[in-house]
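The values are calculated or read from the model by the stated rules, or taken from the named source; none is laboratory data. All of these numbers come straight from a predicted model, not from anything done at the bench. Every residue, glycine among them, receives a Cβ derived from its backbone with ideal geometry; neighbour counts consider all protein chains shown.
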Amino acid sequence: MVAGGGSLLTLPALILMGYPPVVANGTNRLAVLGQSASSVLTFRRKGFYGLRTAVFLSVPACIGAVAGTLAALHVSAGQFRVLLSTVMLVAAATLFVPRRRGSVEDRLSPRAMPLQFAIFVLIGFYGGFIQAGVGFLIMAALSGLGRLGLARTNSIKVLVVGAYTLPSLAIFVANGSIAWLPALVLTAGNALGGWVGTLFSVAKGEGRIRAILAMAVAAMALKLAGVF
């Protein structure tokens, strides 16, 4: 997804299909990795490739992701469903918040890097723990505090997500929390979605899908919470 909200649909979908939350969480990681790889390649071909910044931010993100993934393995199914449905509703609401306009930079300011390092430890923890909606946090950190443009922000985002997903996925695999058949199907779908979403991002056309995504996420969150 352009805004980084793909897991807001795939993760609850797996739970609603009957998979335990920890298995759904782990299974979703392979799909996230496929989407990230597809998006990285597309951004690189389009000339948006903030490798240096992404590598710098991937270090704290990986540290946080390992801690977050280990924490996710010890959360009860009921607690995870409540947390996920809450995150989904908040994320759906943020889709309607106007993006800040103004001057943008091509790379992070050196003065912003220590703060960004600390922020990305927390973002990595969240990504390792639940993943869904992490793209919104990364984009807020980079475009808000870092003042990076949309395409540059997205290119860094997919690199960072791909990097921290590797140790997170390894932990879920070691724990036996992967349903491999749906994982492979989701990976193929997410890779295609990552390619299409990246083209939207480069063309600055993401506003066209915001309302649809928000409605779908809200509906799945209410279903997950047992409202209907």
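Conditions tested, residue by residue: (1) of a type in the set (Ser, Thr, Tyr); (2) out of contact with any strand residue (DSSP E or B) (no Cβ under 9 Å at 6 or more places or on another chain); (3) under 19 Å from Val90 (Cβ atoms).
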site: Leu9; (1), (2), (3): no, yes, yes
site: Pro12; (1), (2), (3): no, yes, yes
site: Met17; (1), (2), (3): no, yes, no
site: Pro21; (1), (2), (3): no, yes, yes
site: Ala24; (1), (2), (3): no, yes, no
site: Asn28; (1), (2), (3): no, yes, yes
site: Gln35; (1), (2), (3): no, yes, no
site: Thr42; (1), (2), (3): yes, yes, no
site: Arg45; (1), (2), (3): no, yes, no
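Name the residues in segment 45-95 that are in a helix (DSSP H, G or I), at pLDDT 85 or above and among the small types (Gly, Ala, Ser), would you?
Of everything in segment 45-95, those that are in a helix (DSSP H, G or I), at pLDDT 85 or above and among the small types (Gly, Ala, Ser) turn out to be Ala54, Ser58, Ala61, Gly64, Ala65, Ala67, Gly68, Ala71, Ala72, Ala77, Gly78, Ser85.
Among the candidates Gly149, Gly133, Gly102, single out the residue that is modelled with pLDDT under 90, exposed (fewer than 15 other Cβ atoms within 10 Å of the Cβ) and of a type outside the set (S, T, N, Q).
Going through Gly149, Gly133, Gly102 in turn, just one is modelled with pLDDT under 90, exposed (fewer than 15 other Cβ atoms within 10 Å of the Cβ) and of a type outside the set (S, T, N, Q): Gly102.
Quick one: count up the residues across segment 185-228 that are at pLDDT 80 or above, surrounded by 15 or more Cβ atoms within 10 Å (Cβ to Cβ) and closer than 30 Å to Arg45 by Cβ.
Total meeting the criteria: 3.
In segment 174-184, how many are surrounded by fewer than 17 Cβ atoms within 10 Å (Cβ to Cβ) and touching a Phe, Trp or Tyr at 6+ places or on another chain (Cβ under 7 Å)? Before the answer, list the steps.
Going through segment 174-184, the residues surrounded by fewer than 17 Cβ atoms within 10 Å (Cβ to Cβ) turn out to be 174-176, 180-181, 184.
Applying the additional criterion that residues be touching a Phe, Trp or Tyr at 6+ places or on another chain (Cβ under 7 Å) yields none.
So the answer is 0.
For the subset of segment 4-44 comprising residues that are buried (at least 24 other Cβ atoms within 10 Å of the Cβ) and not in a helix (DSSP H, G or I), which member is modelled with the lowest pLDDT?
Once the filter is applied, the top-ranked residue is Gly4.
Just to be sure before I move on: is Ile171 surrounded by 18 or more Cβ atoms within 10 Å (Cβ to Cβ), over 11 Å from the mean Cα position of the chain (by Cα), at pLDDT 90 or above and not in a helix (DSSP H, G or I) in the structure I sent? Can you show your working first?
Numbers: surrounded by 18 or more Cβ atoms within 10 Å (Cβ to Cβ): yes; over 11 Å from the mean Cα position of the chain (by Cα): yes; at pLDDT 90 or above: yes; not in a helix (DSSP H, G or I): no.
So Ile171 does not fit the description; no.
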